[in-house]
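Structure first, commentary second.
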Amino acid sequence: MSTNNQTDQKKGDDQKRAIQLNQVPALPGNEGKMSDSLKWFAFVSYGVGHVLNDLVASMWFTYALVFYHYVMQLSSINAGAVVLAGQLTDAVATAAIGVLSDRANIYCTDRYGRRKTWHLFGSILVFISLPFAFSPPILPQAETSELNTALYYSFFIVFFQIGWASIENSHMALASDLTPIRDERTALLSVRYSFTVFSNILVYVVTWIVLKSSNASKTQFGPAERKEFQIVILVIMIVGAMTTIIFHIGVREPLINNRVNRELLMTETEAERAANSILSMFKSITLYQTAIVYMCSRITVNMTLVFLPMYLQDYLNLEAEKLALLPLIMFVSSFGMSLLNKPMNMKLGRKYTYSFGVVLTLGSAVWCYFGEGDTYAKYQVYVVTIIIGIACSVVLVTSQALTTDFIGDRTHRGAFTFGLMSFTDKVCNGAVVMAVQSLHCESCPNYYRDVMVLNWTIPSFLAFIAVISLPYGGRPRLSVAEGPETTSSGNQQADQSKKRPIEKGQEALPSYAVNS
């Protein structure tokens with residue numbers, strides 16, 4: 001008799017969980033569709049929510065080494081150490097904030113939205129600390145020695161990297177909270193990336209205009225360009241403040257996620273709770289495959305931004321204005337490609353789309369290695385820049401989409417997942433910068449050319465191997481029944497599809513990929 005009662009109770013719990021799951025992504029009468037909080041204004045508002053971070057990242061990755069090495073006259077090792085300190089801080093902060101964003105339940109944050117609260121906290125930190133990180137030291141003692149200068153900038157960089165990590169983590173996790181439909185998540189990430197490209201274009205246009213209007217346009221970077229960097233930072237602060245306000249007004253975080261996820265955890269059995277725990281993630285090989293794809297994609301994109309100015313200045317000996325013009329061209333091509341990322345992912349699937357980006361990256365590496373002479377420096381380098389811009393757009397958006405696929409319905413640990421991915425990315429980025437700067441050979445004219453080639457080949461090969469071995473990410477199919485295999489897991493997945501209908505263009509994930 002007790003067994004029957006337990007069975008009935010278990011069925012009741014399953015039905016309750018099914019109702020809760022269906023309530024999370026959609027309002028009544030709109031099952032499987034994007035909620036009201038993602039109407040067009042909220043949709044665009046989500047996209048601009050990362051603009052401040054994008055502006056800061058563009059400045060950081062493209063001009064940090066240029067500013068600290070050429071403008072502030074730090075040595076290659078000390079300039080690399082300052083960047084490494086920022087990357088390590090970002091890595092630790094991203095992981096810590098990911099856990100807090102998922103687990104910390106405070107009444108006031110639940111009312112406003114946990115993701116939005118962390119986003120606001122990070123924005124305030126960035127606004128306070130960023131101006132000091134790219135301006136001459138306000139303390140005279142900071143310039144008495146090179147070590148003091150490096151420590152001075154590291155102090156402010158630590159604070160703005162904590163803020164940067166808070167914005168990035170909360171904004172990425174919010175994409176999984178806003179909608180359960182994979183194609184809509186891809187659309188959100190595409191809009192986000194479109195504004196990322198817009199932000200980078202804005203930074204490079206402003207930098208190019210500032211340099212063009214000064215005597216620096218025909219020379220290379222040096223200490224005389226301190227004022228130009230302050231003007232660019234002022235523009236970043238103004239635009240970042242405007243877009244941050246729009247984000248917090250236009251996006252309404254679905255608070256039902258906070259409540260229902262907690263209720264959902266309360267109705268889970270012991271085995272289900274263990275399977276959904278954070279520790280269970282580390283038992284899944286899919287986690288490490290996805291992390292490799294995300295990490296290598298970020299290395300390709302970020303290190304291109306970091307070392308492209310060094311490559312242009314040291315190897316091609318181009319003028320200062322070209323250090324703004326060529327990155328601008330790169331991101332214009334990225335913007336054009338960002339409009340095609342969603343249809344490519346829908347038609348070809350993640351794996352084929354990512355492979356296309358890898359082919360473009362390797363092609364750029366070959367051209368960069370064999371390109372030489374005035375013809376290459378004056379004309380061909382523009383084509384290479386366009387190609388790598390397209391490649392960066394493809395691999396970055398697709399890697400982020402694969403991460404949301406891995407999260408699946410488990411949005412209660414979405415911030416931790418993105419924090420974990422970002423942790424590997426930040427640590428590796430910092431290590432690469434420090435290694436490259438420590439091994440810098442002043443008498444080697446091809447040094448930064450070889451750095452660019454290796455940055456475009458090694459991560460691309462590793463990411464390609466990881467992405468093709470993923471258990472999901474292939475060509476989309478309309479329903480689970482059309483899959484190549486019919487197994488017990490397939491039947492279980494079919495049962496799940498009855499709870500959440502799969503729309504056209506939405507690829508069905510294996511159950512273990514969603515739950516892991």
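Quickly work out the residue 469-to-residue 77 label distance, labels modelled 7 Å from Cα along the C-beta direction, and quote it in nm with one decimal.
Between residue 77 and residue 469, the simple spin-label model gives 3.7 nm.
If one computes P(r) from the Cα atoms of segment 109-245, what percent of pairs lie at distances over 21 Å?
Looking at segment 109-245, the distances longer than 21 Å represent 55 percent of pairs.
Sorted by packing (mean other beta-carbon atoms within 10 Å per residue), highest first, where do 133-144, 319-330, 240-251 land?
Put in order of decreasing packing, that is 319-330, 240-251, 133-144.
If you plug each phi of segment 446-457 into the Karplus form 6.51 cos²θ - 1.76 cosθ + 1.60 with θ = phi - 60°, what whole-Hz ³J(HN,Hα) values come out, in order, with x for Gly and Pro?
In residue order, the calculated couplings are 9, 4, 6, 5, 5, 4, 4, 5, 5, 5, 8, 9 Hz.
Per-residue HN-Hα couplings for segment 45-61, Karplus 6.51 cos²θ - 1.76 cosθ + 1.60 at θ = phi - 60°, whole Hz, x for Gly and Pro?
3J(HN,Hα) across segment 45-61, in whole Hz: 4, 4, x, 7, x, 10, 5, 4, 4, 5, 4, 5, 5, 4, 5, 5, 6.
How far, in nm, would the chain grow between residue 461 and residue 143 when pulled straight, counting 0.36 nm per residue and subtracting the alpha carbon separation?
Stretched out fully, the residue 461 to residue 143 stretch lengthens by 110.1 nm.
How much accessible area per residue does segment 149-237 have, counting only protein heavy atoms and a probe of 1.4 Å, in square angstrom?
Result: 31 Å² per residue.
Starting from the residue with the highest accessible area, list 370, 406, 156 in decreasing order, probe 1.4 Å.
370, 156, 406
Could you provide, to the nearest whole Å², the per residue accessible area of segment 301-422 with probe 1.4 Å?
The answer is 30 Å² per residue.
Beyond 26 Å, what percent of the Cα pairs of segment 43-184 remain?
32 percent
Tell me, what HN-Hα J-couplings in whole Hz come from the Karplus equation 6.51 cos²θ - 1.76 cosθ + 1.60 at θ = phi - 60° for each residue of segment 185-192, using x for Gly and Pro?
Values, residue by residue: 5, 4, 5, 4, 5, 5, 5, 4 Hz.
Ignoring any ligand, DNA or RNA, what whole percent of the accessible area of segment 138-209 comes from carbon and sulfur when the probe is 1.4 angstrom?
78 percent
What are the residues whose amide H is under 5 Å from the amide H of residue 74, where those residues sit 5 or more places off or on another chain and H is modelled from the backbone?
Placed amide hydrogens put 69 under 5 Å from residue 74.
At a 1.4 Å probe, what is the % contribution of carbon and sulfur to the accessible area of segment 329-471?
Exposed carbon and sulfur together represent 73 percent of the surface.
Can you compute the label reach from residue 124? Point 7 Å from Cα along the Cβ direction, backbone N cut-off under 17 Å, restricted to segment 142-164.
Counting backbone N atoms under 17 Å from the label point, the list is 159-164.
What nm value, rounded to one decimal, do you get for the distance between residue 439 and residue 111 when each label is placed 7 Å out toward the C-beta?
In this crude spin-label approximation the distance works out to 5.5 nm.
Between residue 359 and residue 284, how many nm apart are label points set 7 Å from Cα along the C-beta direction?
In this crude spin-label approximation the distance works out to 3.0 nm.
Need one value: the accessible area of residue 314 in square angstrom, 1.4 angstrom probe, rounded to the nearest 10.
60 Å²
The values are calculated or read from the model by the stated rules, or taken from the named source; none is laboratory data. Bear in mind that the values here come from a model prediction, so they are computed numbers and not experimental data. Here Cβ is always computed from backbone atoms with ideal geometry, including for glycine, and neighbour counts include all displayed protein chains. Just the protein is used for accessible areas: all its heavy atoms, side chains included, with ligands, DNA and RNA removed. Shrake-Rupley method; radii C 1.70, N 1.55, O 1.52, S 1.80 Å.
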